[in-house]
Amino acid sequence: MNPKTINAFVEYAKFCFEEYKNDVTYWFTFNEIWAVATNIYIEGTFPNGVQYDMASAIQLMHNMMVAHAKAVIAYKEAGYEGKIGIVHSLESKYPYDETKDEDVKAAKNEDVLNNQFLLDATFLGEYRDETMEIINRLVELNNGSFHASKDDMEILKEAAYWYREVSKTKEL
């Protein structure tokens with residue numbers, strides 16, 4: 001997602017929220033961001049057929065998470081009664097051979113890309129240092145760049161607040 005389209009996505013989401021407020025109770029902003037990024041920039045099966053561009057895949061995931069966060073904030077601020085979230089495709093990653101450091105490292109890298117990067121943005125509203133250490137290394141290895149502005153991070157943090165609602169349901 002081009003950063004320029006983030007606000008257009010949010011405006012479209014607002015239109016949908018208002019148009020279907022009486023018909024839809026459960027909203028999802030995106031379905032499987034990692035799969036979208038993989039198909040666009042790693043496997044090249046979606047247009048424009050780009051392959052092995054890890055840095056662009058990572059930037060796309062971040063931009064989509066910012067768009068998601070802005071849509072969540074807009075939904076909550078408008079006071080709609082339904083629920084809103086995102087669908088992640090979480091997959092466990094295991095080394096091919098646990099005795100080989102390179103396999104252990106590859107599994108960790110894949111776990112951060114597929115799971116932790118998106119979960120950090122969703123539930124913490126920030127990227128943990130250990131997540132960014134791997135993300136930055138992967139971006140650098142691929143001669144790319146990654147940008148997350150201060151404004152982006154504030155938006156992620158604000159949206160994550162809405163997921164922190166926890167209440168006691170029964171005695172354990």
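The values are calculated or read from the model by the stated rules, or taken from the named source; none is laboratory data. What you see is a predicted model; the values in this text were computed from it and never measured. FYI the Cβ positions are ideal-geometry reconstructions off the backbone, even for glycines, and counts take in every protein chain you see.
Out of all the residues in the stretch 82-98, is one or more part of a helix (DSSP H, G or I) and modelled with pLDDT of 95 or more?
Of the stretch 82-98, the ones part of a helix (DSSP H, G or I) are none.
No; the residues of the stretch 82-98 include none that is part of a helix (DSSP H, G or I) and modelled with pLDDT of 95 or more.
Within the group Val104, Val139, Val72, Val66, which residue is among the hydrophobic types (A, V, I, L, M, F, W, C), touching a strand residue (DSSP E or B) at 6+ places or on another chain (Cβ under 8 Å) and assigned to a helix (DSSP H, G or I)? Break it down into steps so the answer makes sense when it comes.
Numbers: Val104 fails: touching a strand residue (DSSP E or B) at 6+ places or on another chain (Cβ under 8 Å); Val139 fails: touching a strand residue (DSSP E or B) at 6+ places or on another chain (Cβ under 8 Å); Val66 fails: touching a strand residue (DSSP E or B) at 6+ places or on another chain (Cβ under 8 Å).
The conditions single out Val72.
Before we move on, is Asn143 in contact with a helix residue (DSSP H, G or I) (Cβ under 9 Å, 6 or more places away or on another chain) and on the phi > 0 side of the Ramachandran plot?
Values: in contact with a helix residue (DSSP H, G or I) (Cβ under 9 Å, 6 or more places away or on another chain): yes; on the phi > 0 side of the Ramachandran plot: yes.
It is true that Asn143 is in contact with a helix residue (DSSP H, G or I) (Cβ under 9 Å, 6 or more places away or on another chain) and on the phi > 0 side of the Ramachandran plot.
Tell me the residue from Val66, Val72, Val50, Val36 that is touching a helix residue (DSSP H, G or I) at 6+ places or on another chain (Cβ under 6 Å), surrounded by fewer than 19 Cβ atoms within 10 Å (Cβ to Cβ) and either farther than 12 Å from Leu118 by Cβ or in contact (Cβ under 8 Å) with a residue 12 or more places away in the chain (or both), please.
Values: Val66 fails: surrounded by fewer than 19 Cβ atoms within 10 Å (Cβ to Cβ); Val72 fails: surrounded by fewer than 19 Cβ atoms within 10 Å (Cβ to Cβ); Val36 fails: touching a helix residue (DSSP H, G or I) at 6+ places or on another chain (Cβ under 6 Å).
Result: Val50 is the single residue among Val66, Val72, Val50, Val36 that is touching a helix residue (DSSP H, G or I) at 6+ places or on another chain (Cβ under 6 Å), surrounded by fewer than 19 Cβ atoms within 10 Å (Cβ to Cβ) and either farther than 12 Å from Leu118 by Cβ or in contact (Cβ under 8 Å) with a residue 12 or more places away in the chain (or both).
Among the candidates Asn143, Asn115, which residue alone is in contact with a Leu (Cβ under 6 Å, 6 or more places away or on another chain) and touching a residue at least 24 places away in the same chain (Cβ under 8 Å)? If you could, list the steps in order and put the result at the bottom.
Numbers: Asn143 fails: in contact with a Leu (Cβ under 6 Å, 6 or more places away or on another chain).
Testing whether each residue is in contact with a Leu (Cβ under 6 Å, 6 or more places away or on another chain) and touching a residue at least 24 places away in the same chain (Cβ under 8 Å) leaves just Asn115.
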